[in-house]
Amino acid sequence: ISFPTVRVLEQLLRWFWNRIYRGVTVSGIEQVKAIAGTHTLVYVPSHRSHLDYLLLSYLLYQDGLTIPHIAAGRNLNLPVVGGILRRSGAFFMRRSFRGDPLYSAVFSEYLYQVYRRGHSVEFFPEGGRSRTGRLLPARLGLIKMTLEHHARGLPRPLAFVPVYFGYEKL
């Protein structure tokens with residue numbers, strides 16, 4: 001993660017949120033802060049929009065929490081955008097590991113090293129964004145890897161943090 005990139009994005013996103021939305025309501029951040037010092041956090045948000053990962057990182061940064069490393073589909077690794085996302089915490093992955101045990105092993109070890117170093121991670125359990133806004137069924141690959149890494153041994157326990165993004169206007 002490049003902190004100069006994060007600071008520039010923070011200013012751009014602040015302008016964007018204030019221009020597009022009247023405000024953002026956050027609930028439960030105090031509980032997250034309470035366990036952040038003793039646990040490695042695994043954020044598992046619903047994925048309804050491409051704004052989800054930007055908003056979560058922005059809000060965590062604003063509240064003084066570490067920006068998570070974000071599992072992103074390799075379709076987002078575009079020439080300019082991919083570099084910016086990578087410097088702000090994204091790591092790119094294939095949608096499926098089937099038929100490629102080497103890729104699976106290398107990716108799994110990378111994820112283990114991220115957890116071992118105590119970095120927080122964000123991934124979307126359903127694996128992709130819904131076109132209709134409805135939640136998709138969970139894809140269990142990253143959840144399985146995360147639990148295997150926990151069983152393998154990590155310096156700090158893992159804490160799964162469910163996150164819901166509601167864009168409805170009440």
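Within the range 68-83, being open to solvent by less than 60 Å² (accessible area, probe 1.4 Å) and out of contact with any Asp or Glu (no Cβ under 9 Å at 6 or more places or on another chain) holds for A72, G73, L76, G82, G83. Any residue at all in the range 120-135 that's touching a residue at least 24 places away in the same chain (Cβ under 8 Å), among the β-branched types (V, I, T), in contact with a strand residue (DSSP E or B) (Cβ under 8 Å, 6 or more places away or on another chain) and open to solvent by 20 Å² or more (accessible area, probe 1.4 Å)? Scanning the range 120-135, I find no residue that is touching a residue at least 24 places away in the same chain (Cβ under 8 Å), among the β-branched types (V, I, T), in contact with a strand residue (DSSP E or B) (Cβ under 8 Å, 6 or more places away or on another chain) and open to solvent by 20 Å² or more (accessible area, probe 1.4 Å), so the answer is no. I'm trying to understand the selection: among the residues of the range 73-98, which are under 18 Å from I1 (Cβ atoms) and in a helix (DSSP H, G or I)? If the condition is that a residue be under 18 Å from I1 (Cβ atoms) and in a helix (DSSP H, G or I), then L76, V81, G82, G83, I84, L85, R86, R87 are the ones that fit. Can you pull out the residues in the range 137-161 that are β-branched (V, I, T) and open to solvent by 60 Å² or more (accessible area, probe 1.4 Å)? Answer for the range 137-161, where residues must be β-branched (V, I, T) and open to solvent by 60 Å² or more (accessible area, probe 1.4 Å): there is none. Working carefully through the options V114, V106, find the one that is in contact with a His (Cβ under 6 Å, 6 or more places away or on another chain), surrounded by fewer than 20 Cβ atoms within 10 Å (Cβ to Cβ), β-branched (V, I, T) and assigned to a helix (DSSP H, G or I). Exactly one residue qualifies, and that residue is V114.
Suppose we filter L41, L60 for residues that are touching a strand residue (DSSP E or B) at 6+ places or on another chain (Cβ under 9 Å), at pLDDT 95 or above and either surrounded by 13 or more Cβ atoms within 10 Å (Cβ to Cβ) or outside any helix (DSSP H, G or I) (or both); which single one remains?
Working: L60 fails: at pLDDT 95 or above.
Exactly one residue qualifies, and that residue is L41.
Out of everything in the range 1-30 that is among the small types (G, A, S) and either in contact with a helix residue (DSSP H, G or I) (Cβ under 6 Å, 6 or more places away or on another chain) or surrounded by 11 or more Cβ atoms within 10 Å (Cβ to Cβ) (or both), what residue ends up being nearest to R86 (Cα to Cα)? Once the filter is applied, the top-ranked residue is S2. Within the range 146-167, restricting attention to residues that are part of a loop (DSSP other than H, G, I, E, B) and of a type in the set (G, A, S), the residue that is nearest to A36 (Cα to Cα) is G153.
The values are calculated or read from the model by the stated rules, or taken from the named source; none is laboratory data. In this text, all values refer to a predicted model and were calculated from it rather than measured experimentally. Ideal geometry is used to build each Cβ from the backbone, glycine not excepted, and the neighbour counts take in all protein chains shown. Remember, those area values only see protein heavy atoms, side chains included, never the ligands or the DNA or RNA. Shrake-Rupley method; radii C 1.70, N 1.55, O 1.52, S 1.80 Å.
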